[in-house]
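Beneath this line is the structure, given in structure tokens, with notes to follow.
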Amino acid sequence: MKPDELRAALPPAAVGWVDEAVTQIEVDPGAIARLFPRAARACGRAPLGDAPGWTADEAARALLLKALPGDVVAGEADRLYRFGDADEKRAVLRALPLLRIGEAGVPLLHDAIRTNDTRLVGAALGPYAAHLDAATWRQAVLKCVFMGLPLSIVDRLDERGDEELRVMLAGLAEERAAAGRPMAADATGLLNRLSGTALRKEA
Amino acid sequence: MRIFDPHIHMTSRTTDDYERMAAAGVRALVEPAFWLGQPRTSVGSFTDYFDALVGWEPFRASQFGIRHHATIALNPKEANDPRCAGVLDVLPRYLEKDRVVAVGEIGYDSMTAEEETAFAAQLQLAIAHELPALVHTPHRDKARGTQRSIKVVAESGIEPGRVVIDHLNEVTVATVKDSGCWAGFSIYPDTKMSPPRMVEILKEFGTERVLVNSAADWGRSDPLLTRATVDLMLASGFTDDDVDLVFWRNPVEFYGQSGKLELDDDDAPEKLFEGNSILRGGS
Ligand SMILES: [Zn+2]
């Protein structure tokens, strides 16, 4: 989702508030500290029909972050996440792939994946998770399975899934079978796909 | 039946308590920032606590369809520790959060000069951030502590209708009623109030501008005593509408003054990804 698509998906009243806030941030980047927490009250929290998977407050907050000048954006994103409530933290995580910050947002992903809040763990596994090392990424995928998160939220799942992830999933499947508890269908599907890939490589 | 517990410390309760509260009819609550039994010695342990009140606790509550809100403040007990004075500087950041609906708990514990300074300063923060205030009254020397609290509130210039004076009893209720502040009662039998005494007070002083809470925390307390009080009110001749006024519309009116209560689809669990770790145990 590109910034102009997010802006176009917002209801008209929210667009007005966001445009005004963006102007303020362009003049005074520090204003984002006050505007960022207010975005949900100003723009609402409704899911956006034209931006599937995004809510109005998340999109508005992403646009505020996008308005920051390049030399402060990484530091401000870090501060807004650190001092944000759960919704603000999630909005920062969703916005990371839109920002020109290189690897600077990776510590935020690590923090989110350490939590037990499904909304934060899920938001950490979007496109920006490309910056996560393979071991961290695999642990996060397995954590999604434990937390009951749908694996469809994981960006480039099949592309990044590897033999090590297959071994980890197979181990979980075995434990679940021993305990008489089912594994989620999408996790079993991933395990089967990874096993198929492994067989094809052997052949 | 719908119950709004306007004062409960869920940080100290288990996830099973959220489940039992939902089953008993609790649909919304306010969790005030207070002390944790073990004194804190740095600003950092306060910010981690405040972060939980606006992050982890709303998430836990949402698993059971309970709307969680918070009040944020430096509590009177810890206001006496100079190592915690810096907490006052970080409060404005939290008072801007969506689910923070008041400044609290503020007030007196041992009625020291430090407590009074923090109390007055935080009433000014409530005015500046357009929030109501939740005032805790002390366990020791309660009657004089309550009178002195009302005086500090009056001197601050905050509108009395935006203040609740909490943990009242038979001795302190009348002065608070006369002050124009809201009257708060904690059904916490050992030290504060019991359901039968609460029902008697409601008979005598009426159901207007009264908040009844469990104040359940890490002490000998019970998050279901709101429901027990509801049942006793009904058994004592109060109507369903009286109960709804005391246990829903009153807290909604009081905390609604923040403009930040989120109750629209209060019976539906917050939209989550399918399943969650709490119902399944941690991962
Ligand atoms: Zn309390």
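Each residue of segment B:228-245 was assigned a 3J(HN,Hα) from its phi angle through the Karplus expression (A = 6.51, B = -1.76, C = 1.60, θ = phi - 60°), giving 4, 5, 4, 4, 6, 4, 5, 5, 9, x, 6, 8, 4, 5, 4, 4, 5, 5 Hz with x at Gly and Pro.
Leaving ligands and nucleic acids aside, the A/B contact buries around 2300 square angstrom of accessible area in total at a 1.4 Å probe radius.
Volume per residue for the protein assembly as shown equals 161 cubic angstrom (convex hull of Cα atoms). Restricting attention to segment B:3-277, the count of lysine pairs at 8 or more positions apart or across chains with alpha carbons under 22 Å apart stands at 13.
Would you please classify the overall shape of segment A:1-154 from the alpha carbon gyration tensor, given that a ≥ b ≥ c denote the square roots of the eigenvalues, rounded means a/c under 1.5, and beyond that prolate means a/b larger than b/c while oblate covers the rest? Taking the square roots of the gyration eigenvalues as a ≥ b ≥ c, segment A:1-154 is prolate. Solvent-accessible area assigned to carbon and sulfur over segment A:79-162 amounts to 52 percent, based on a 1.4 Å probe.
In order along segment A:20-34, the phi-based Karplus estimate (6.51 cos²θ - 1.76 cosθ + 1.60, θ = phi - 60°) of 3J(HN,Hα) comes to 4, 5, 4, 4, 4, 5, 5, 6, 9, x, x, 5, 5, 4, 8 Hz; Gly and Pro are listed as x.
How much net charge surrounds B:Cys181 when only other residues with a Cβ under 11 Å from its Cβ are counted (Lys, Arg +1; Asp, Glu -1)? Its environment carries a net charge of 0. Could you tell me the distance between the Cα centroids of segment A:1-37 and segment B:38-59, to the nearest Å? Segment A:1-37 and segment B:38-59 have Cα centres separated by 30 Å. Computed over protein heavy atoms with a 1.4 angstrom probe, the accessible surface ordering of A:Lys2, B:Lys142, A:Lys66, largest first, is A:Lys2, A:Lys66, B:Lys142. Solvent-accessible surface of segment A:133-203, taken per residue with a 1.4 Å probe and all protein chains present: 55 Å². Expressed as a fraction of 2.2 N^0.38 Å, the C-alpha radius of gyration for segment B:26-149 is 1.04. The value of relative contact order for chain B, using C-alpha pairs under 8 Å at least six residues apart, is 21 percent. Expressed as a whole percent, the accessible surface of chain B that belongs to carbon and sulfur atoms is 51, based on a 1.4 Å probe.
An oblate overall shape is assigned to chain B, the ratio a/c of its alpha-carbon gyration tensor axes (a ≥ b ≥ c) being 1.5 or greater and a/b not exceeding b/c. A cut-off of 5 Å between modelled amide H atoms, ignoring neighbours fewer than 5 places along the same chain, links B:Ile3 with B:Val26, B:Arg27, B:Ala28. Once the Cβ-Cβ distance of B:Glu208 and B:Ile127 is raised to the sixth power relative to R0 = 25 Å, the FRET efficiency obtained is 0.55.
Heavy-atom accessible surface of segment A:1-104, averaged per residue, reaches 44 Å², computed with a 1.4 Å probe.
Segment B:131-169 and segment B:170-242 have Cα centres lying 17 Å from one another. Backbone geometry of segment A:141-154 corresponds, through the Karplus equation with coefficients 6.51, -1.76 and 1.60 at θ = phi - 60°, to 3J(HN,Hα) couplings of 4, 5, 4, 4, 4, 4, 7, x, 6, x, 6, 4, 6, 7 Hz, x marking Gly and Pro. Give me the net charge for the shell around B:Gly37: Cβ to Cβ below 12 angstrom, other residues only, Lys and Arg +1, Asp and Glu -1. With Lys, Arg at +1 and Asp, Glu at -1, the neighbours total 0. Each Lys or Arg adds one and each Asp or Glu subtracts one; over the other residues with Cβ under 11 Å from the Cβ of B:Pro195, this totals -1. Here is the list for segment B:154-222: GluC sites (Glu not before Pro) lying in DSSP coil, each with at most 16 other C-beta atoms within 10 angstrom of its C-beta, are B:Glu170, B:Glu208. Summed over qualifying helices (DSSP H, 4 residues or more, each -39500 (n - 2.57)) and divided by its residue number, the protein assembly as shown shows a 222 nm mean residue ellipticity of -15000 deg cm²/dmol. The C-alpha atoms of chain A define a longest principal axis, and helix A:86-95 lies at about 80 degrees to it.
The angle between the Cα long axis of helix A:73-82 and the longest principal axis of the Cα atoms of chain A comes to about 70 degrees, rounded to the nearest 10. Which residues of segment B:34-81 end up with at least 20 Å² less accessible area in the presence of all protein chains than when their chain stands alone, using a 1.4 Å probe? Relative to the lone chain, where solvent access is computed with a 1.4 Å probe, segment B:34-81 loses at least 20 Å² at B:Asp51, B:Val54, B:Gly55, B:Trp56, B:Phe59.
As a length-normalised measure over Cα pairs under 8 Å and 6 or more apart, the relative contact order of segment A:105-203 settles at 22 percent. The calculated FRET efficiency for the pair A:Arg156 and B:Thr15, based on their C-beta separation and a Förster distance of 35 Å, comes to about 0.55.
The values are calculated or read from the model by the stated rules, or taken from the named source; none is laboratory data. Note that this is a predicted model, so its numbers are computed, not measured. Cβ atoms come from the backbone with ideal geometry, glycine included; neighbour counts cover every protein chain shown. We work out accessible area using only protein heavy atoms, side chains counted, and drop any ligands, DNA or RNA first. Shrake-Rupley method; radii C 1.70, N 1.55, O 1.52, S 1.80 Å.
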